[in-house]
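Q: Take a look at this one; I'll ask things after.
The values are calculated or read from the model by the stated rules, or taken from the named source; none is laboratory data. From a predicted model like this one, the values you see are computed outputs, not experimental measurements. Don't worry about glycine lacking a Cβ; one is built from the backbone with ideal geometry, like all the others, and counts go over all protein chains shown.
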Amino acid sequence: MKVARIRDSKVKETYSIISDDGKSIVTRSEIQQQTGIPVPLNIKDFMFRGWLDEVKHHKSTLKFNQKVSDVELLVPIPNPPKIVCLAFNYYDHARDAGLTPSDEPVIFMKPRTALNEPFKDIICPSFVSRLDYEAELAVIIGKETKKVPEDKALDSVFGYMILHDVSARDIQFKDKQFTRGKGIDTFAPCGPWITTKDEISDPQNLRITTKVNGETRQDSSSSNMVIPVRRIISTLSVTMTLEPGDIISTGTPAGVAMSMKEPKYLKDGDVVEITIERLGTIRNRIVHH
């Protein structure tokens, strides 16, 4: 199933289930009316405390009465406990950067204040001169996880979404670490919804593309990850407790601007469109401020 946070025409925030084709929705109140299940107000309770599993049994009878285009899609997870991101986790991206990939996750954290809606503008501050894009597969953790073995790690996954790891390369290179250059407000558009893990049979076989103003810049697959999702989760869970709602962004493939002979950094008015197979598309305009 696909689960989204939305704002409807009455400026009311709620959550909904998205139809398989991604075009229609059934809202929380409609789910309750149609199924008789007293689903909670909070989307985290709905996703992580068993309510979604109950609704799944009624999926075939749900009536999707509204269009996705008639509502505003919001950040799917409000206030996640952690946003953990991987660096250089694709063979092609590491090669372009002249690096040898690590056999263990090289991580940094994004603040949750960087989260941005799937179709909202990315605000680039005036002090940033080299703005770059990074399309990433993001994993949503569904239950508390500590020291999980690799062969059971995917049991901890709730679902998947797109995350755009927007990066201020000039700040990143100056600081020689990633947090400030990747943690600016609006620098993590994500969504457009969360697709539950039962719809993704293999997270290591998803096509990932990025277009800037219609020009393809990244075209790869999650099969090119150095460290696969199951090992990322297992390894992280040894050092930190993973919690329901945690976001793990798994790195970006080749094609980013900084790796070009003549880098094409993002400019004011550019539109970045990221698509991951079976997860949907997010689209954001760059606005210099």
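Q: Yes or no: residue 69 closer than 23 Å to residue 189 by Cβ, outside the structural domain of residue 162 (by TED's automatic domain parsing) and of a type outside the set (A, V, I, L, M)?
A: Spelling it out, residue 69 is indeed closer than 23 Å to residue 189 by Cβ, outside the structural domain of residue 162 (by TED's automatic domain parsing) and of a type outside the set (A, V, I, L, M).
Q: Looking at region 196-250 only, could you name the residues that are of a type in the set (D, E, K, R) and surrounded by fewer than 18 Cβ atoms within 10 Å (Cβ to Cβ)?
A: Passing the criteria: 198, 199, 202, 207, 215, 219, 231, 243.
Q: On to the next question. Within region 39-119, considering only helices (runs of 4 or more DSSP H) that don't extend past its boundaries, which have at least 1 residues that are within 30 Å of residue 172 (Cα to Cα) and among the charged types (D, E, K, R)?
A: Those helices (runs of 4 or more DSSP H) span 91-96.
Q: Just need a number here: residues in region 69-88 that are farther than 20 Å from residue 159 by Cα and touching a strand residue (DSSP E or B) at 6+ places or on another chain (Cβ under 6 Å).
A: 2
Q: Ok, one more. For region 141-157, indicate whether the set of residues that are closer than 21 Å to residue 254 by Cα and either free of Cβ contacts under 8 Å to residues at least 40 places away in the same chain or not in a loop (DSSP other than H, G, I, E, B) (or both) is non-empty.
A: no
Q: Let me ask something else about it. So if I check each of 202, 185, which one is modelled with pLDDT of 95 or more, farther than 18 Å from residue 276 by Cβ and of a type outside the set (Val, Ile, Thr)?
A: On inspection, the qualifying residue turns out to be 185.
Q: So residue 170 passes all but one of these: (1) surrounded by fewer than 20 Cβ atoms within 10 Å (Cβ to Cβ); (2) at pLDDT 95 or above; (3) assigned to a loop (DSSP other than H, G, I, E, B). Which condition number does it fail?
A: (3)
Q: Would you mind stating whether residue 235 is closer than 19 Å to residue 154 by Cα, polar (S, T, N, Q), at pLDDT 95 or above and in a helix (DSSP H, G or I)?
A: Yes; evaluated as a whole, the condition is true for this residue.
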